[in-house]
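Heads up: the structure comes next, in structure tokens.
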Amino acid sequence: KMFQWIEVSSYEQMSEIAATIFAEQLLSKPDSVLGLATGGSPLGFYKELVRRHQEEEFSFARATTFNLDEYVGIGPGDATSYHEFMNENLFRHIDLPETRRHLPNGLATDLDAECSRYEKLIGESGGIDLQLLGIGVNGHIGFNEPGTPFDSRTHVIELTEATRQSNARFFDREQDIPKKALTMGIGTIMAARKIVLLAFGDNKMDAVERLENGAVTEEFPASILHKHPHVTVIYGK
Ligand code: GLP
């Protein structure tokens, strides 16, 4: 069992270390299934990953990716969707075939069916080898808000007001911030073989401390990671 803490002194350093972990994963297993995240935390990581890919350090040609989450009601073409975030920051720069880039579809008419489809697809891919995570200030992982059952699988979640406000900076108008999202469940995340969690900045340090000291409780979703066999937390401020 491994639970590794890496303290960094800059956001760039965090991004480089995370990129090295993913590069090593792709080099040792070119057909890896990667779990990806959105948000401010992984932006520098994607930049670094793209740079190294363009220098031909490694290829995504045989890889498969699954993103953690997507808002309900927006999708490809919407600038604020996670689909567009991924296109912009990673997919359009790499050789990963389109058919193996997966995100939940927040525009599906039957959202529960979409969640089952997504969960099944992850299983059929052989499962996630390496999952990237950020952490919400309230300890959420993916969009699994406090109180989400640890054994949850991909599901529809109502976003808390705190999470909506944390993400308000990405939207022009208050009323544009979605109220719901589709997210891998905590059980889905825990099934990944390895996990890397990124947390950088003053506003994340309370969450990092709580992860470090706190008991395992559904009130602080990230705390479940203490039960995972292989976690690396890269953090700093
Ligand atoms: C968002 C995302 C999470 C992300 C977290 C932190 O709401 N759904 O997957 O890890 O909140 O975001 P950021 O990295 O921008 O601080």
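Sequence neighbours fewer than 8 away in the same chain don't count; with that in mind, list the lysines whose C-alpha is under 17 Å from Lys227.
Excluding near neighbours in sequence, the set is Lys1, Lys194.
Please give the peptides 215-226, 179-190 ranked by average Cβ packing (other Cβ atoms within 10 Å per residue), highest first, as a rough proxy for protection.
Working: 215-226: 17.5, 179-190: 22.9.
Going from most to least packed, we get 179-190, 215-226.
For the range 96-237, what D do you get in µm² per second when you plug the Kirkwood radius from alpha-carbon pairs into Stokes-Einstein at 25 °C and 0.890 mPa s?
On the way: Rh = 16.0 Å.
Once the numbers are plugged in, D ends up at 154 µm²/s.
Starting from one equal scatterer on each C-alpha and no solvent at all, send me the Debye-based log10 I(q)/I(0) for the chain at q = 0.07, 0.12 Å⁻¹, two decimals.
Normalising to I(0) and taking log10 leaves -0.20, -0.62.
What does DSSP give for the chain in terms of the percent of beta bridges that are antiparallel, rounded to the nearest 5? Each step should come with its number before you reach the end.
Numbers: 8 of 32 bridges.
If I count the DSSP bridges inside the chain, around 25 percent turn out antiparallel.
Rounded to whole Å and sorted largest first, list the principal axis extents of the Cα atoms in the range 43-176.
Per principal axis, max minus min of the Cα coordinates gives 43, 35, 28 Å.
What is the range 1-58 by shape, rounded, prolate or oblate, if you read a ≥ b ≥ c off the alpha carbon gyration tensor as root eigenvalues and call it rounded for a/c under 1.5, prolate for a/b larger than b/c, and oblate otherwise? Don't jump to the answer; show the numbers that get you there.
Details: a/c = 1.61, a/b = 1.18, b/c = 1.37.
Oblate, since a/c reaches 1.5 and b/c is not below a/b.
Can you compute the charge dipole magnitude of the chain about its Cα centre, using +1 on each Lys and Arg Cβ and -1 on each Asp and Glu Cβ, nothing else charged? Give it in debye, rounded to the nearest 20. Intermediate results must be reported in sequence, preceding the final value.
Details: 23 positive and 35 negative charges, 83 e Å.
The calculated dipole for the chain is roughly 400 debye.
Dipole size in debye (nearest 20) for the range 35-113 around its Cα centre, Lys and Arg Cβ +1, Asp and Glu Cβ -1?
240 debye
Could you work out the helix-only [θ] at 222 nm for the chain, with each DSSP H run of four or more residues adding -39,500 (n - 2.57) and the total divided by the number of residues, to the nearest 500 deg cm²/dmol?
Details: 7 runs with 72 residues, N = 237.
Computed ellipticity for the chain at 222 nm equals -9000 deg cm²/dmol.
With just the Cα atoms defining each centre, how far is the range 1-60 from the range 132-189? Give it in Å.
Here the answer is 23 Å between Cα centres.
Jot down the radius of gyration and Dmax of the range 112-177, Cα atoms only, both in angstrom.
14.1, 40
Between Arg117 and Ser28, what FRET efficiency follows from the Cβ-Cβ distance if R0 is 30 Å, with the result rounded to 0.05? Intermediate values should be presented prior to the final figure.
Details: r = 30 Å, r/R0 = 1.00.
Working from the Cβ atoms, E equals 0.50.
What FRET efficiency would be calculated for the residue pair Asp110, Thr80, taking the C-beta separation as r and a Förster radius of 25 Å, to the nearest 0.05?
Values: r = 23 Å, r/R0 = 0.92.
For Asp110 and Thr80, the calculated efficiency is 0.60.
Please identify the helices of the chain, taking whole runs of DSSP H, that span at least 15 Å along their own axis as judged from the Cα atoms and have a mean Kyte-Doolittle score of -1.0 or higher.
Passing helices, by number: 11-28, 43-54, 111-124.
Stretch Lys180-Ser10 to full length: gain in nm at 0.36 nm per residue minus the Cα-Cα span? If you can, show how the numbers build up before the last one.
Numbers: separation 170, 0.36 × 170 = 61.20 nm, distance 3.27 nm.
Value of the extension gain: 57.9 nm.
Throughout, read-outs are computed from the coordinates displayed, never taken from laboratory work. The structure displayed is predicted, hence computed values, not measured ones. Note that each Cβ is placed from the backbone with ideal geometry, even for glycine, and that neighbours are counted across all protein chains shown.
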